[in-house]
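Quick note: the coordinates plus some simple rules give every number you see, no bench work behind them. What you see is a predicted model, and the numbers here were worked out from it, not measured in a lab. Here the Cβ positions follow ideal geometry from the backbone for every residue, glycine too, while neighbour counts run over all protein chains shown.
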Amino acid sequence: MIPLDNRLKTAFELCRPGLISADVGTDHARLAAALALEKSVKVYASDINDGPLEAARRTIEEYGVKNVELVKSNGLENIPYADDVIICGMGGELISGIVEKCRFTNESTRFILQPMTKADFLRRRLYGLGFELMEERAAEHAGKIYTVMLWMFSGVSREISETEALCGKNRDRKYLEGIAAKLIKNAANMEKSAGCSGEAARLRETAKEIKRIAENED
């Protein structure tokens, strides 16, 4: 077994066996190697920089992996095709831009995404582009809780509420409580500024709603 942190392990679990995957921003390529060895996946492991690709090469050699192809690429630009596209460890805005530019998206393509920041932006953007969120799972790493999303393209664009943008389909109590805590902190900071009391009250109401969701899912 190739050691993976909780974020990558969760992404690994959401990937389908026996298909073609693209691990975008592969870094050390442990996820790509695990998919190749344990799920019989052909993997394009890409990065925009030479340093991570060299680290990826060492990982592939260490584990004797045969079906991982290293590709220097800005996002998906040089990836010919993938059934599953995996993007972990980037900001939500960057991830959304990569997904939006994917040339081979169809209704069978799956996107496994783990944003480090701005998960709410990513959800809004992808729903607006006609994607459907199928599943979310929480993953704790280095004392923080992240979300790992599974998306498909439906072609149906829609707007989502603020609560849906903030929570998505993740119902992990600690994850939701963390979101609510950030909203309350932001509200407290706004209350110190003149003219922001209305927005602060709105944030507090949203935080209460998210807390109710967390309690109901416990």
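Values computed for the structure shown
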{"quantity": "Relative contact order of the chain, pairs being alpha-carbon contacts under 8 Å that are 6 or more residues apart, as %", "calculated": "15"}
{"quantity": "Calculated over the range 95-167: convex hull of Cα atoms, volume per residue (Å³)", "calculated": "84"}
{"quantity": "Helical mean residue ellipticity (222 nm; -39500 (n - 2.57) per DSSP H run of 4+; nearest 500) of the chain", "calculated": "-13500 deg cm²/dmol"}
{"quantity": "Two-decimal Rg to Rh for the range 16-59 - Kirkwood Rh, Cα set", "calculated": "0.98"}
{"quantity": "Cut-off 9 Å between beta-carbons: net charge of the residues surrounding residue 109, Lys and Arg +1, Asp and Glu -1", "calculated": "-2"}
{"quantity": "Cubic angstrom per residue, convex hull over Cα atoms of the range 99-218", "calculated": "120"}
{"quantity": "Considering only the chain, percent of DSSP beta bridges that pair antiparallel, nearest 5", "calculated": "40"}
{"quantity": "29 Å Cα-Cα reach of residue 144 towards lysines, excluding residues that sit fewer than 8 places from it in its own chain", "calculated": "9, 39, 118, 169, 174, 182, 185, 192, 208, 211"}
{"quantity": "Neighbourhood net charge (13 Å Cβ-Cβ; Lys/Arg +1, Asp/Glu -1) for residue 56", "calculated": "-4"}
{"quantity": "Between the range 15-38 and the range 120-187, the Cα center-to-center distance that results, in Å", "calculated": "23"}
{"quantity": "Taking all pairs of distinct alpha-carbon atoms in the chain, Kirkwood radius in angstrom", "calculated": "18.2"}
{"quantity": "Among 143, 1, 98 the positive-end extreme of the charge dipole of the chain (Cβ point charges)", "calculated": "143"}
{"quantity": "Per-peptide average of other Cβ atoms within 10 Å, ordering 150-156, 68-74, 108-114 highest first", "calculated": "108-114, 68-74, 150-156"}
{"quantity": "The range 1-117: relative contact order as a whole-number percent, Cα under 8 Å and 6+ apart", "calculated": "27"}
{"quantity": "For peptides 11-17, 85-91, sequence by mean Cβ density within 10 Å, most packed first", "calculated": "85-91, 11-17"}
{"quantity": "Selected from 55, 165, 22 as most flexible by GNM, with the chain as the system and alpha-carbon contacts under 10 Å", "calculated": "55"}
{"quantity": "Sum of side-chain charges, residue 162 neighbourhood, beta-carbon under 11 Å (Lys, Arg +1; Asp, Glu -1)", "calculated": "-2"}
{"quantity": "Translational D in µm²/s for the range 1-108 (Stokes-Einstein at 10 °C, 1.306 mPa s, Kirkwood Rh from C-alpha pairs)", "calculated": "117"}
